Every structure is written in structure tokens, then in C-alpha cells.
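Asker: Next up is a structure, given as C-alpha cells.
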Amino acid sequence: MIKKKISFLIFAILFFIALPMQVYAEWTIDTTVSANSAHWIKFKVVCTSDGDSLTATDLVAEFEEQVSSKFVQGLTAIWLRVIPGTGDEIPNTTINITLTDEEEETLWSETGISKDASTTHLLYTSTNGDSIGMWPPILDKFYLTINDIGDEDDTVTLYFHCWIE
């Protein structure tokens, strides 16, 4: 009886070990400073899809991991160039981008951005429909959210052109 229980236990352990494990891919975010001069800095964010949407990802933290957050903290984001991937990396659908701050306040949002061509977007927004607007500041947190753009490994490259005080 004990041999049967031990045999069953060993079989059960081997069965569960042999079960295929589900692996969850994540978007790959690569950040670099691509140019700077006097009061301007341009940083590049290459976003590679995992086949799902990109949940709010803090670009300040991404810079901290890859280079240094000192390159982006304190900047004012002025305009954004969105360059979809090409060939096998082209998104399957238009691109929706949302930028939020540490209080989850939307700083800028755009939907229906071209999946086929480079586009440029002013990041100036009016606040709550008022005539007083603002350029998004990059402080402690600067979250990027992107919709599901298609297949795994589809890419979109973002160039943030920012002002340094």
C-alpha cells in the first residue's frame, strides 16, 4: 500500500513538472538619449510589443534602469515623433498613446496614430478644456500606455523632443 502511494506521489510530481508552463512575454522598452544641445534634449524609446497592450510603464524608471533618470527628470516634453515599425515589425492597427503622471492624471493622449507612416504631435494640451494649456512636465513618474498594436515583436519608436530649463 505504501509503495502504491509513493509511486502515485512520484508520478503526480513528474506529471506536474512535465506540464507545459505558460510564459508571459512583456513589452521590451529600450530608452536612449539620442541628441542634446543647449536647452534641448531628444530621447528615443523603442517599444516592442508582446502581442497585448502596454500597461502604464514609467519611462523615468526605464531610464533609471538603462542609463540614468537624470537625463529625463525635470524636462518639459514639447513634441513627439511616432515611427511605426516596418516589414515584419509593422503594427497591425493604428496606435493609441497616453502619457500620465504620478497622480494618474492624463498629460496627453492621442488615438488613431498612423501605423504606416511617421507622424509628429505637439504635446501641448489644454487643461479640462480651459484656454490655459500646458506642456507635460517629466517629474518623478512619466507613464506611457500603448494599445494592443498587433503581433508580438511589432514595434513603434517614439522620439520625445524636450526643453531643458
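Asker: Looking at the stretch 39-59, I want the residues that are of a type in the set (Asp, Glu) and have a partner that is in a strand (DSSP E or B) with Cβ atoms under 6 Å, at least 6 apart or on another chain. Which pairs are those?
Answerer: Partner pairs satisfying both residue conditions: ASP50/GLU152; ASP58/TYR143.
Asker: So which strands (runs of 3 or more DSSP E) stay within the stretch 1-86 end to end and still have 3 or more residues that are more than 13 Å from the chain's Cα centre (by Cα), closer than 23 Å to THR98 by Cα and modelled with pLDDT of 90 or more?
Answerer: Filter on the stretch 1-86 gives 40-50, 76-84.
Asker: Also: On the basis of being touching a residue at least 12 places away in the same chain (Cβ under 8 Å) and not in a strand (DSSP E or B), does PHE160 make the cut?
Answerer: Answer is no for this residue.
Asker: Could you list, in sequence order, all residues of the stretch 98-157 that are among the aliphatic types (A, V, I, L, M), assigned to a loop (DSSP other than H, G, I, E, B) and either crowded, with 18+ Cβ neighbours inside 10 Å or at pLDDT below 95 (or both)?
Answerer: Those that are among the aliphatic types (A, V, I, L, M), assigned to a loop (DSSP other than H, G, I, E, B) and either crowded, with 18+ Cβ neighbours inside 10 Å or at pLDDT below 95 (or both): LEU123, ILE132, ILE138, LEU139, ILE149.
The values are calculated or read from the model by the stated rules, or taken from the named source; none is laboratory data. Keep in mind that this is a model prediction, so the values were computed, not measured. Here the Cβ is made from the backbone with ideal geometry for all residues, glycine too, and neighbour counts use every protein chain on show.
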